[in-house]
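Some notes on the structure that comes next.
The values are calculated or read from the model by the stated rules, or taken from the named source; none is laboratory data. Remember, it's a predicted structure, so these values are computed and weren't measured experimentally. Note: ideal-geometry Cβ built from the backbone for every residue, glycine included; neighbour counts use all protein chains shown. Note: areas computed on protein heavy atoms with side chains; ligands, DNA, RNA excluded. Shrake-Rupley method; radii C 1.70, N 1.55, O 1.52, S 1.80 Å.
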Amino acid sequence: MCKLELKDGSIIEVEKGTKNIDVVKKISEGLARNTACIQFNDEIQDVQKEVNADGKFTVITLDEPAGLKVFWHTSSHILAQAVTRLFPDVLLTIGPATDNGFYYDFDIKQNFTEEDFIKIEEEMKKIVKEELAITYFELPREEALKQVKDNPYKVELINELPKDAVISFYKQGDFVDLCAGPHLNNTKHIKAFKIMSSTGAYWRGSEKNKMLNRLYAISFPKANMLEEYITKREEALKRDHNRLGRELEIFTTAEQIGQGLPLLMPNGARIVQLLERFVEDEEQRRGYVLTKTPFMAKKDLYELSGHWQHYKDGMFILGDEQKEDEVFALRPMTCPFQFMIYKASQKSYKDLPIRYNETSTLFRNESSGEMHGLTRLRQFTLSEGHLVVRKDQLEEEFRGVVDLIYFMMKTLGIEKDVTYRFSKWDPNNKEKYLDMPEAWESAENEMRKILDALKINYIEAVGEAAFYGPKLDIQFKNVHGKEDTIITVQIDFALAEKFDMYYMDSDGSKKRP
RNA sequence: GCUCUUAUAGCUCAGUCGGUAGAGCGUUACCUUGGUAAGGUAGAGGUCACGGGUUCGAUUCCCGUUAAGAGCUCCA
């Protein structure tokens, strides 16, 4: 017998080898119908897996996000099965659940059309009606490779699994897919689904790889839930800033002016004016000093900052390097300009911290597919600050910045709608990041300490840092559920060095801020 | 940059199976009203994004350009 501790603390005993789903049925039939998977101690398991030891037994239902993800993952297999039936020459790649449904990436010659969506949905309906049992099996590496030998994508996935990894497959009818699971135990549970869109996506997320065809879809255990979802989505789209902005005459665009260059109409300009005054006044109250710096500079400045070497393609360059002595570039950021103000006079340790702020208009030559509404542009204006601090002031100043951010978000009423992301470097990506492991570690530890002290509820993200330092990113979801960074605070341990910034310490020695 | 989609009145959209166009909102004038984003009447407003091709004829079909949308990649 195995002793299982349930969520409410009670214990039930079951025979060794009892299936998870049968354990749940003992608790309640209704609960069993609504079960997506089981958490046994820390392990997420299929409902069909057998109980073999004592432990904590938690039922994860379709009503909770983790359960819905299992549901969507199973849905993605049904989508893949339907596509395989209709397009036998397709190669399957991956098909995970997302926060907002699921997708599956296919390597297929033709592109999916709207008519294909209908056909695929019809085929999915059939698969659901067939009530196919979903079964799990494992294979040793050699056999697993044999199983997927005609699919180079799956071969690649298996070859990248660690040596001791369990290689598992799920089977429903004649359809088999390499998959870590977990899954529901039958296709019959997927009552309502809809293919939302077809887009391109690079294999493994790298533009160097082949572009695959991705189908985005959504599914629910009940038909009315799908209807609700669609209605909600339509309502959300009506609140798209891009649509409202034009309807309310806040901004417009003109073909002749160009991509990523919106025109703020009187209503929009007034909003920006009020925000700008408000922000600058509040910053002044908090000890910031305002600067006004040029919109462009000679390339010499960007060579010093490293942007000429790293981000030349992203800048608008004025003049031809080959023909002219002086070449300028529109500024893509304000840091080096404000640093020049810092360097204009000798600073004492008593002068720090110095808090520079500027309502900065910046120019970035974004790729043509990137521009959108007012959120990603070639010319944009943001409220920007650079704090030059001593090491012993870092924590307090960081807190001050976070406090300012809280104040601003509260004023705008968005403080409950954001999430926090602690963006760290990727030590394996030497091209993107400055190769200074010790400096990274120290800066990231410093930032983590501060974030923890502030009790900020953040997620950590590897490979999202700036090239010169870690960031606290404040993320906001748009009406499509896509996250944008609306505010970012960064600890920069490199540019002070590059710009040879220093202050005279109390002992008369030069120190780096 | 890549995949897919779109471009008709100021905005949101219909429409023309190829014979040069319509609605709602907005707007203008007048009337009315303590109907306050929602009254009535009349009107203005469109080379159907731009360039080329096919055709007797293109806003409609095809190609290209530009712009807009979703996704991917990128985001100093």
Item to check | Pairs of alpha carbons in segment A:238-303 whose separation is greater than 15 Å (percent) | outcome: 70
Item to check | Percent accessible area from carbon and sulfur atoms, chain A, protein chains only, probe 1.4 Å | outcome: 50
Checklist entry - Semi-axes of the equivalent ellipsoid of segment A:262-415: what are they in whole Å, largest first, if each equals the square root of 5 times a C-alpha gyration tensor eigenvalue? => result 28, 24, 13
Item to check | Added length on full extension, which subtracts the Cα-Cα distance from 0.36 nm per residue, residue A:161 to residue A:56 | outcome: 34.9 nm
Next on the checklist: For segment A:153-244, I need the span (max minus min coordinate) of the C-alpha atoms along each principal axis, in Å, sorted largest to smallest.
Outcome noted: 52, 38, 22
Item to check | Positive dipole terminus of chain A, leading residue within A:318, A:221, A:11 (C-beta point charges) | outcome: A:221
Checklist outcome for this item: Taking segment A:441-486, the equivalent ellipsoid from its C-alpha gyration tensor has semi-axes in Å, biggest first, of 22, 14, 7
Item to check | For segment A:1-151: rounded, prolate or oblate by the Cα gyration tensor [a/c cutoff 1.5] | outcome: prolate
Checklist entry - What share of Cα pairs, in percent, lie more than 21 angstrom apart in segment A:312-391? => result 47
Checklist entry - Going from the alpha-carbon gyration tensor of segment A:79-163, what semi-axes, largest first and in whole Å, does one get by taking the root of 5 times each eigenvalue? => result 25, 16, 13
Checklist entry - When averaged across all projection directions, what area in nm² does the alpha-carbon convex hull of segment A:232-342 cover? => result 11.2
Checklist outcome for this item: Result for segment A:185-254: accessible area per residue, probe 1.4 angstrom, in square angstrom, of 61
Checklist entry - When you count, for each residue, the other Cβ atoms within 10 Å and take the mean per peptide, how do A:416-427, A:224-235 rank with the highest first? => result A:416-427, A:224-235
Item to check | Positive-end extreme of charge dipole, chain A - chosen from A:170, A:447, A:134 (charges on Cβ) | outcome: A:134
Checklist entry - Can you give the percent of C-alpha pairs in segment A:425-513 whose distance is more than 23 Å? => result 36
Next on the checklist: If each DSSP helix of 4+ residues adds -39,500 (n - 2.57) and the sum is divided by the residues in chain A, what number results at 222 nm, nearest 500 deg cm²/dmol?
Outcome noted: -10000 deg cm²/dmol
Checklist entry - Relative contact order of chain A: what whole-number percent is it, with Cα pairs under 8 angstrom and at least 6 residues apart? => result 9
Checklist entry - Can you give the alpha-carbon Rg of segment A:94-236 over 2.2 N^0.38 Å, where N counts its residues? => result 1.15
Item to check | Calculated on alpha-carbon atoms, Rg and Dmax of chain A in Å | outcome: 27.8, 85
Checklist entry - Could the peptides A:187-196, A:205-214 be put in order, highest first, of the mean number of other beta-carbon atoms found within 10 Å of their residues? => result A:187-196, A:205-214
Checklist outcome for this item: Rounded to the angstrom and largest first, Cα extents along the principal axes for segment A:370-495 equal 40, 32, 26
Checklist entry - Expressed as a fraction of 2.2 N^0.38 Å, the rule-of-thumb size for a compact globular protein of N residues, what is the C-alpha radius of gyration of segment A:302-357? => result 1.46
Next on the checklist: Just to be sure I understand the rule: take each whole DSSP H helix in chain A, project its Cα atoms onto its long axis, keep it if the span is 30 Å or more and its mean Kyte-Doolittle hydropathy is at least 1.0. Which ones pass?
Outcome noted: none
Checklist entry - Just the projected area, averaged over all directions, of the convex hull on the alpha carbon atoms of segment A:1-69: how many nm²? => result 4.0
Next on the checklist: Can you report the principal axis dimensions of segment A:137-181 using only the alpha carbons, biggest first, rounded to whole angstrom?
Outcome noted: 29, 20, 16
Next on the checklist: From the convex hull of the Cα coordinates of segment A:271-329, what is the mean projected area in square nanometres?
Outcome noted: 5.9
Item to check | Full-extension gain in nm, residue A:484 to residue A:121, via 0.36 nm per residue minus C-alpha separation | outcome: 127.5 nm
Checklist entry - Using Cα pairs under 8 angstrom and six or more residues apart, how large is the relative contact order of segment A:1-135, in percent? => result 18
Checklist entry - Put +1 on the Cβ of each Lys and Arg and -1 on the Cβ of each Asp and Glu in chain A; which of A:475, A:236, A:383 then has its Cα farthest toward the positive end of the dipole? => result A:236
Item to check | Estimated dipole of chain A in Debye, rounded to 20 [Cβ of Lys and Arg +1, of Asp and Glu -1, Cα centre] | outcome: 560
